[in-house]
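The values are calculated or read from the model by the stated rules, or taken from the named source; none is laboratory data. Worth saying up front: this structure is predicted, and the values here are computed from it rather than measured. So basically every Cβ, Gly included, is an ideal-geometry build from the backbone, and we count neighbours across all protein chains shown.
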Amino acid sequence: MLVVGGALALVAGLRRVPDTRGSRRRRASRVVVPRRTRGLVGLGLVAGVLGWLITGWVLALVLGPLAVVGLPLLLTPAGASERIERLEALEEWTRSLAGVLTVGVGLEQALVATLRSTPAPISAEVHRLVARLRARWVTEDALRAFADELDDSTGDLVVANLLLGARRRGAGLASVLNGLAESVSADVRARRQIEADRAKPRATARWVTLISASALLILAVSGDYVEPYGTPVGQVVLTLLLAAYVSTLVWMRRMAQGRPLPRFLDTQQSPQLATGRANMQVTP
């Protein structure tokens with residue numbers, strides 16, 4: 001098992017993967033701990049202290065916060081619904097843009113006209129796109145910055161068509177966007193069906209975890225069945241068993257998470273993007 005595992009790790013380590021460190025750093029710089037998470041941490045600390053006072057297990061001081069904060073995170077979808085909502089909003093915005101273009105206005109004027117009807121999930125990105133256009137950015141550079149903020153392969157597909165429309169200024173962009181919106185709508189329906197299928201094993205794991213945690217809590221406060229786990233060696237064994245169980249939950253979550261399609265637009269080819277992001281912070 002060790003030899004096979006080492007061989008698989010070697011193959012996985014030598015495989016070429018796209019560099020996504022830049023987008024990860026941008027997402028990490030925008031991460032803010034929500035109030036709900038801070039409340040769960042406080043509740044977990046209280047539960048850990050109570051568990052330590054009742055059972056005498058030192059492990060309860062760490063187990064309480066980790067269980068209260070970590071289990072909901074492991075047993076809930078990993079941002080899938082948010083991604084689907086953003087994709088659905090992008091489809092609606094694309095339809096709206098196609099409708100405005102049929103009137104005969106230019107691409108820049110059409111982008112500005114869609115500002116008020118933009119769905120909430122991508123409202124901030126569209127506001128910054130319009131602000132860049134009003135700040136006399138080159139249209140292609142503003143669109144590439146918009147694609148970089150969407151950070152999605154479907155967003156790259158929409159922006160790629162807008163870039164072609166900005167270069168050629170043809171009359172067929174509206175029909176192309178309508179067809180693209182239909183494709184995105186079919187993608188949204190497929191993703192919703194997939195998430196509905198993934199919810200079934202996730203619900204099973206949630207019930208199994210709830211039953212196991214309840215049984216462990218009842219056994220910890222009544223009877224002498226779990227007394228061996230109160231010793232130092234028992235605490236180590238309990239830690240290993242719980243770590244193995246959490247590892248299975250992490251494994252299940254990673255299998256159900258899926259991998260996003262790689263992006264294909266190069267957003268770093270224009271020098272105005274680098275200087276503009278450094279000097280311009282726009283809020284809607």
* Asked: Based on what the data block shows, is VAL221 hydrophobic (A, V, I, L, M, F, W, C), modelled with pLDDT of 80 or more and more than 16 Å from GLY70 (Cα to Cα)?
  -> no
* Asked: at pLDDT 75 or above and either surrounded by 17 or more Cβ atoms within 10 Å (Cβ to Cβ) or in contact with a strand residue (DSSP E or B) (Cβ under 8 Å, 6 or more places away or on another chain) (or both), is that true of SER96?
  -> yes
* On the given criteria, is GLY155 among the small types (Gly, Ala, Ser) and closer than 22 Å to PRO262 by Cβ? -> yes
* Look through segment 164-180, keep the residues that are surrounded by fewer than 16 Cβ atoms within 10 Å (Cβ to Cβ) and touching a residue at least 40 places away in the same chain (Cβ under 8 Å), and return whichever of them is farthest from LEU133 (Cα to Cα). => SER175
* Structure fact -> Restricting segment 138-155 to residues that are in a helix (DSSP H, G or I) and either β-branched (Val, Ile, Thr) or under 17 Å from the mean Cα position of the chain (by Cα) (or both), the one surrounded by the fewest Cβ atoms within 10 Å (Cβ to Cβ) turns out to be SER153
* Conditions: (1) modelled with pLDDT under 75; (2) within 24 Å of the chain's Cα centre (by Cα); (3) of a type in the set (A, V, I, L, M, F, W, C); (4) surrounded by 15 or more Cβ atoms within 10 Å (Cβ to Cβ). ALA28 meets all but one. Number of the miss? -> (4)
* For segment 236-263, name all the residues that are exposed (fewer than 12 other Cβ atoms within 10 Å of the Cβ) and either touching a Cys at 6+ places or on another chain (Cβ under 6 Å) or modelled with pLDDT under 80 (or both). => ARG254, MET255, ARG259, LEU261, PRO262
